[in-house]
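To keep things clear, I will list the structure first and then write my remarks on it.
Please treat every number below as a calculation from the coordinates, not as lab data. If you're wondering where the values come from, they're calculated on a predicted model, not measured in any experiment. With ideal geometry, Cβ positions are generated from the backbone for all residues, glycine too; neighbour counts draw on all protein chains shown.
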Amino acid sequence: MKLIQNNTPIEKYKIQGRDIFVKREDLSSLPPCPALAKLRGVYKRLVKLKEQGVKKVGVFDTRVSKSGLGCSAIANELGDLEITNFYPHLISYTDIPEQQKKVIELGHKIYGMKGGRTAVLYSQAKKICKENGLEMMPLGLVVEESVNGVIEECNTIPFTPDNIIVSVGSGMMLAGISIAMSGKVKRIIGISAGMSPSRQRKRISDLLGIDLPSNVEIIKSEKGYYEPEEIDCPFPSSIWYDRKAFRWMVENFNNLDGSILFWNIGN
């Protein structure tokens, strides 16, 4: 797995006079992959699909996600896999989005869809895949292998922080952290980049087959999913995900007792 890195570094930053440890999971995938931690598990899922004889795979992207690019890069490393990247092509667009251009540069296909609700577009894309012999990846690349990859990564942490803070998009990172760390730390705080906390909690609980522990909190970001967060941050981080959690952290330092590990997921 040349594109995928394990045991990503933990760096220490002084933020508002406080030492903050940062788990640099944005370094878990190498170019041409985007900085996207869930690709560790996606790689293993694509390996399984290839072993099952699958040759064509569909992947859906929102306006800000980079799932298609990540899967395209992995497919090139594995060989003999063709990716079709479905995405909403909005009326306002005057050109193909940059992440889809990169998919084309890697030799794979894109499929622009008339803009609409994500769930509806994904359902349409899944139908197209079925009709044309493509295996469709789950929405948000929600695969069990990604959760397991996070659990394994948690086992490499050389200390036990009091608090873990992470952005929540698809929920894979929070799910894995909860399984591995909820019995060890005081608080695990997930900042939802868009979905309501109740929906996120149900989604993750359904995925795991168990209720999330009481010390796992999910809080909605003040900004919506398609609103970028421009707060200054001393380490590379996503304006769509990580920085929303970073803002919550720095604005709530007074309510966070003990050491903090910020889980930087990338995008």
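Some observations on this one:
- Under-5 Å amide H pairs with Ser192, H placed in peptide plane, nonlocal only: Val168, Ile219, Lys220, Ser221
- Theoretical gain in end-to-end length, Asp19 to Ser123 [0.36 nm per residue, Cα-Cα removed]: 32.9 nm
- With the simple model of a label 7 Å out from the Cα in the direction of the Cβ, Val54 to Thr156 spans 2.5 nm.
- Evaluating 6.51 cos²θ - 1.76 cosθ + 1.60 at θ = phi - 60° for every residue in the stretch 245-257, the Karplus couplings come out as 6, 4, 4, 4, 4, 5, 7, 10, 3, 5, 9, 10, 8 Hz, glycine and proline recorded as x.
- Anisotropy class of the stretch 161-225 from Cα gyration tensor, a/c 1.5 cut: oblate
- Exposed-site-free run, longest, the chain (rule: chymotrypsin sites (Phe, Trp or Tyr not before Pro); DSSP loop; at most 14 other C-beta within 10 Å): 1-92
- Springs between Cα atoms under 10 Å define the GNM used for the chain, and in it the highest mean-square fluctuation of Ile74, Ile188, Ile231 occurs at Ile231.
- Where (i) 111; (ii) 127; (iii) 146 are the candidate values, the label of the one calculated here for volume of the Cα convex hull per residue in Å³ is (ii).
- A simple rule links phi to the HN-Hα coupling: the Karplus curve 6.51 cos²θ - 1.76 cosθ + 1.60 with θ = phi - 60°, which for the stretch 110-124 gives 10, 9, x, 10, 4, x, x, 5, 4, 4, 5, 5, 5, 4, 5 Hz, with x for Gly and Pro.
- Here the Karplus relation 6.51 cos²θ - 1.76 cosθ + 1.60, evaluated at θ = phi - 60°, turns the backbone of the stretch 154-170 into coupling constants of 4, 6, 8, 5, x, 8, 10, x, 7, 10, 10, 10, 8, 6, 10, x, 7 Hz, with x for every Gly and Pro.
- Computed over the Cα atoms of the stretch 39-141, pair by distinct pair, the Kirkwood hydrodynamic radius stands at 13.5 angstrom.
- Inter-centroid distance (Cα atoms) of the stretch 1-18 relative to the stretch 102-169, Å: 22 Å
- The GluC sites (Glu not before Pro) found in the stretch 199-239 that occupy coil by DSSP, while having at most 14 further C-beta atoms within 10 Å, are Glu222, Glu230.
- Counting only Cβ charges, +1 for Lys and Arg and -1 for Asp and Glu, the dipole size of the stretch 34-162 around its Cα centre is about 500 debye.
- For the stretch 240-260 and the stretch 183-226, distance of Cα centres in Å: 15 Å
- Straight Cα distances below 17 angstrom link Lys223 to the lysines Lys244, with same-chain residues fewer than 8 positions distant left out.
- Amide H to amide H, with H built 1.01 Å from N, Met136 comes under 5 Å of Gly58, counting only residues 5 or more places away or on other chains.
- Rounded FRET efficiency, nearest 0.05, which uses the C-beta distance separating Leu30 from Ile231 and R0 of 22 Å: 0.25
- DSSP-defined beta bridges in the stretch 1-123 - what % are antiparallel, rounded to 5: 40 percent
- Dipole in debye (nearest 20) - the chain, about Cα centre, beta carbon charges: Lys, Arg +1; Asp, Glu -1: 520 debye
- Cross-link pairs Lys23/Lys202; Lys55/Lys109; Lys55/Lys114; Lys56/Lys127 - those with Cα-Cα distance over 22 Å: Lys23/Lys202; Lys55/Lys114
- Exposure proxy ranking, count of Cβ atoms within 10 Å, fewest first, for Met249, Met113: Met113, Met249
- Ordering Asp19, Asp162, Asp61, Asp26 by the number of other Cβ atoms within 10 Å of each residue's own Cβ, fewest first, gives Asp19, Asp162, Asp26, Asp61.
- By average C-beta atoms within 10 angstrom, highest first, the peptides 100-109, 166-175, 30-39, 206-215: 166-175, 30-39, 100-109, 206-215
- Taking 0.36 nm per residue of separation and subtracting the current Cα-Cα distance, fully stretching the chain between Leu90 and Lys184 would add 29.3 nm.
- Helices in the chain, meaning DSSP H runs of at least 4 residues, each add -39500 (n - 2.57). Divided by all residues, the mean residue ellipticity at 222 nm is -10500 deg cm²/dmol.
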